[in-house]
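S.K.: Submitted below is the structure of interest, expressed as structure tokens.
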Amino acid sequence: MKPVLALVIIYVAMFFLAIQGASQNSAHGTPQAGAGQTGHSIDPAKEADIRALMELVGARDAMQDFAAHGADQMRENLLASVPASDRGQQFVNAFIEGYKAKFNPDDATAQLVTIYDQHFTQDEIKGLLQFYGSPLGQKFAAEMPKINAEMQAANRAFSTRIAKDVLQDLRKQYPGVAAHARLAKPRHGQVEQAQQQAQTQPTQP
């Protein structure tokens, strides 16, 4: 795996959060303008240095990897929001195919270049090039994806444990409601089934 800059990871994560939000609006026919489309002019020499930095840290590959993960997440979100039918599945498949066809990692990287230009001077970019070209910089960039993955896994496990503890406590206070409470988001069909079951059950405190 090519080393991935921590700042690239943070940016790409936010980038795909924005894409996921935009995809939901697109599914409802509400287009939005993309980030970074401001016609910003960058000094050619500085742009060359930033692109060299992006190449050094594997930004383009990171974009493609996150695009694949983002597509999987969007598929799950859409499946949970459309009717659970063959037509709904076809719609989701068509959306994902269209998304993958239109996603261009070069365009995404160009947006990242613009952002780096706005936040770093040319001397700072050169300093980053020097750092990430060093053995320590290479190790830092290579270890950051592993560190981020371990942090996310640890945070998920910690949050899940706390949520389960709170849910267990509330089951004593709200036995009727908490008995059916689930932390996982139910699918569309499951919501209707749960509503039908609730209508046929006696009211509890």
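S.K.: Residue under question is Tyr99, and the condition is that it be within 20 Å of Ala48 (Cβ to Cβ), open to solvent by less than 90 Å² (accessible area, probe 1.4 Å) and part of a helix (DSSP H, G or I); does it hold?
M.R.: So Tyr99 fails the test.
S.K.: Which number in (1) farther than 16 Å from Glu47 by Cβ; (2) among the polar types (S, T, N, Q); (3) touching a His at 6+ places or on another chain (Cβ under 8 Å) marks the one condition that Asn104 misses?
M.R.: Condition (3) is where Asn104 drops out.
S.K.: Read through the list (1) open to solvent by 40 Å² or more (accessible area, probe 1.4 Å); (2) modelled with pLDDT under 85, then give the number of the only condition that Phe15 fails.
M.R.: (1)
S.K.: So, in the range 80-90, exactly how many residues are without any contact (Cβ under 8 Å) to a residue 60 or more places away in the chain and either assigned to a loop (DSSP other than H, G, I, E, B) or surrounded by 14 or more Cβ atoms within 10 Å (Cβ to Cβ) (or both)?
M.R.: Matching residues across the range 80-90 total 3.
S.K.: Just the residues that are exposed (fewer than 11 other Cβ atoms within 10 Å of the Cβ) and part of a loop (DSSP other than H, G, I, E, B), please, taken from the range 142-187.
M.R.: Ala179, His180, Ala181, Arg182, Leu183, Ala184, Lys185
S.K.: Then there's this: Can you tell me which residue in the range 107-141 is modelled with the highest pLDDT, limited to those that are assigned to a helix (DSSP H, G or I) and β-branched (Val, Ile, Thr)? So that I can check it myself, show each step before the final result.
M.R.: Going through the range 107-141, the residues assigned to a helix (DSSP H, G or I) turn out to be 107-119, 122-132, 135-141.
So of that shortlist, the ones also β-branched (Val, Ile, Thr) come out as 109, 113-115, 125.
Values: Thr109: 85, Val113: 91, Thr114: 91, Ile115: 91, Ile125: 94.
The extreme case among them is Ile125.
S.K.: Tell me whether the range 161-176 contains one or more residues that are small (Gly, Ala, Ser), at pLDDT below 85 and more than 30 Å from Glu55 (Cα to Cα).
M.R.: Within the range 161-176 (the criterion being small (Gly, Ala, Ser), at pLDDT below 85 and more than 30 Å from Glu55 (Cα to Cα)), the answer is yes, since at least one residue qualifies.
The values are calculated or read from the model by the stated rules, or taken from the named source; none is laboratory data. These numbers come from a predicted model, not from an experiment. So basically every Cβ, Gly included, is an ideal-geometry build from the backbone, and we count neighbours across all protein chains shown. Protein only, heavy atoms only, side chains kept; ligands, DNA and RNA dropped before computing areas. Shrake-Rupley method; radii C 1.70, N 1.55, O 1.52, S 1.80 Å.
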